Amino acid sequence: MAPAPTVEVKYKIGNERLVKVTDPASRKLRSLLERQGRPQGALRVAVIGGGCSGLQYKMDLVDGPANRDIMVESAQVRVVVDPKSALFVSGSLLDYSDDLQKGGFKVTNPNAVAHCSCGESFSA
């Protein structure tokens, strides 16, 4: 049986002007990727409709970029963003906190003009 043909993924390389990762977020991401057995994996950050302010973030661990994605290497981790979401997250900072009340990954987005009180959604 012949090996399956490899499909070339066409993606762009971005820089930290799109999204920048803090050291705490980088440490947590590397830990999560290692635990999943994906040391070369990436965090996918997407903006989807929903939440009380109209837009919200969706984050997933993935093996790497998909077609048309923009991949950013920041603080020794890879972040992938689709072109539509890139319009909303440009200039954002991805941080992580172990805080019991509001811990987890947080996006500080200069494009957000309003946030809901729960901090889970925004409008741009």
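The values are calculated or read from the model by the stated rules, or taken from the named source; none is laboratory data. None of these values were measured; they are calculated from a predicted model. Using ideal geometry, Cβ is built from the backbone for each residue, glycine included, and neighbour counts are taken over all protein chains shown.
Summary of values
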item	result
Which listed residue, of Gly54, Gly103, Gly91, Gly64, is out of contact with any strand residue (DSSP E or B) (no Cβ under 7 Å at 6 or more places or on another chain) and either within 19 Å of Pro39 (Cβ to Cβ) or small (Gly, Ala, Ser) (or both)	Gly91
Among residues of segment 72-94, those that are assigned to a strand (DSSP E or B) and surrounded by 18 or more Cβ atoms within 10 Å (Cβ to Cβ), counted	9
Ile48 closer than 30 Å to Glu8 by Cβ, at pLDDT below 95 and within 16 Å of the chain's Cα centre (by Cα)	yes
Residues (over 18 Å from Glu16 (Cβ atoms) and within 12 Å of the chain's Cα centre (by Cα)) located in segment 58-81	Lys58, Asp60, Leu61, Val62, Gly64
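Quick grid of which residues meet (1) surrounded by 14 or more Cβ atoms within 10 Å (Cβ to Cβ); (2) part of a loop (DSSP other than H, G, I, E, B):
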position: Val7; (1), (2): no, yes
position: Ile48; (1), (2): no, no
position: Gln56; (1), (2): yes, no
position: Phe105; (1), (2): yes, no
position: Ala112; (1), (2): yes, yes
